[in-house]
1. Compute the relative contact order of the stretch 3-117 as a whole-number percentage, counting only Cα pairs closer than 8 Å that sit 6 or more residues apart in sequence.
2. So what is the calculated 222 nm ellipticity per residue for the chain, using -39500 (n - 2.57) for each DSSP H run with n of 4 or more, over all residues, to the nearest 500 deg cm²/dmol?
3. Could you size up the charge dipole of the chain around its Cα centre, putting +1 on the beta carbon of Lys and Arg and -1 on that of Asp and Glu, and report it in debye to the nearest 20?
4. Ranked highest first by the average count of other Cβ atoms within 10 Å around their residues, in what order do 136-144, 96-104 fall?
5. Given Cβ point charges of +1 (Lys, Arg) and -1 (Asp, Glu) and nothing else, what value in debye, to the nearest 20, does the dipole of the stretch 1-47 about its Cα centre take?
Amino acid sequence: MPEASISPAEVDALYEKLQREQGAAGYHLNPDEAFTKELLHGLLVNERRYGYQACPCRLASGNKAEDLDIICPCDYRDPDLAEYGNCYCGLYVSAAVVAGQQPAVSIPERRPPPERRAERGAVKPSFSGLAYPVWRCRVCGYLCAREQPPEVCPICKVKKERFERFL
């Protein structure tokens with residue numbers, strides 16, 4: 001669908017949803033509302049284009065399995081926030097940026113090149129005797145021991161597919 005088909009009401013609805021859900025989890029959207037809404041427009045364009053909200057500042061392949069690490073919120077958000085005060089695209093910022101104590105800055109790309117992405121999670125330690133496998137959210141690091149990962153991460157609200165078997 002063409003980009004023009006995304007209405008301001010759709011962008012506003014996503015903005016309110018993220019403010020509510022991510023705010024409850026301790027995350028902050030960029031305080032520059034116009035900039036933030038442009039990024040959200042890009043997320044909605046990508047959702048229509050690919051069927052998922054790939055980061056609007058990265059080139060998505062169109063293959064969801066290959067792009068899981070860049071579906072917003074991406075796997076790199078938390079390390080970027082910790083190190084730089086904002087994520088790669090600038091949608092999420094730290095409390096210091098919101099308070100005006102630190103500027104939002106351009107940061108280097110943390111996503112590994114395609115040939116190195118396959119290495120992620122290739123070798124996992126195993127512990128015999130565990131009653132259940134341990135699942136890790138690739139976005140926020142949440143761990144849980146159960147037969148299957150949760151449908152939605154209780155911390156950052158990403159879907160089940162963003163979990164990897166940890167142990």
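1. Numbers: 132 pairs, mean separation 23.0, N = 115.
Answer for the stretch 3-117 is 20 percent.
2. Working: 6 runs with 55 residues, N = 167.
-9500 deg cm²/dmol, from helical runs alone.
3. Values: 22 positive and 23 negative charges, 121 e Å.
Charge dipole of the chain: 580 debye, to the nearest 20.
4. Values: 136-144: 18.4, 96-104: 13.7.
The most tightly packed comes first, giving 136-144, 96-104.
5. Details: 3 positive and 9 negative charges, 27 e Å.
Once rounded to the nearest 20, the dipole reads 140 debye.
Each value in this text was obtained by applying a stated rule to the coordinates, not by laboratory testing. Just so it is clear, the structure is predicted and the values come from calculations on it, not from any experiment. Here the Cβ is made from the backbone with ideal geometry for all residues, glycine too, and neighbour counts use every protein chain on show.
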